[in-house]
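Presented below is the structure to which this report refers.
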Amino acid sequence: MKRTRKKYRDLTNEKFGRLTVLYRAPNSDTRHAMYFVECKCGSGTKIVRGTSLTSGFTKSCGCYQRECAAKRGPENTKHGCARRSEQPIKEYSAWRDARHYHDGVTYDFSRFYSLVGPAPEGRSRLCRTLDGAFKWV
Ligand SMILES: [Zn+2]
């Protein structure tokens, strides 16, 4: 059976995590299908790449990750919190550095993140205290 070239699936009205696809946006410069989405939290619309949605890469405007971080606690990191897609860049690189320079740092970024919490605004960096915990200074 001959297959025709795969068409872009139209994602309008589909839901991905907390996001609902409103309508198709103009393609990106790199010719990716883009969509206007609305997040359940009411933060307004934003434009995301269609493939980010279908691959499960983007599931919220970022609020999901923020809520998870606010709740802290390891049990909250098990349910998809701090997924790769929503990992905060700054905290993630701090974790990588911590693993590089210190012993006994957890290999689980979610767990690490639940312990140190989100980085404060501005020029902050992660330091290890005398009791072995990490904190932002
Ligand atoms: Zn949101």
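Every number here is computed from the coordinates shown, using simple stated rules; none is lab data. Note that the structure is predicted; figures quoted are calculated from it, not measured. Every residue, glycine as well, gets a Cβ built from its backbone with ideal geometry; the counts of neighbours run over all protein chains shown.
The magnitude of the dipole of segment 15-66, with charges of +1 and -1 set on the Cβ of Lys/Arg and Asp/Glu and taken from the Cα centre, is near 140 debye.
Debye-formula intensities of segment 26-70, expressed as log10 I(q)/I(0) at q = 0.27 Å⁻¹, are -0.99 (one equal scatterer per alpha-carbon, no solvent). Pairs with C-alpha atoms separated by more than 21 Å, drawn from the list Lys90/Lys135; Lys15/Lys46; Lys40/Lys135, are Lys40/Lys135.
Taken one residue at a time, the phi angles of segment 36-43 give Karplus couplings (6.51, -1.76, 1.60, θ = phi - 60°) of 7, 10, 10, 8, 4, 6, x, 7 Hz. Gly and Pro are set to x.
Put a dot 7 Å past the Cα of Asp97, heading toward its Cβ, do the same for Glu14, and the two dots end up 3.9 nm apart.
Once the Cα-Cα distance is subtracted from the 0.36 nm per residue extended length, the Thr106 to Cys127 segment shows a gain of 6.0 nm.
Mind checking the full-extension length gain between Lys135 and Phe36? Use 0.36 nm per residue of separation minus the Cα-Cα distance, one decimal, nm. Spell out each step's value before the answer.
Working: separation 99, 0.36 × 99 = 35.64 nm, distance 3.74 nm.
Once the chain is fully extended between Lys135 and Phe36, it gains 31.9 nm.
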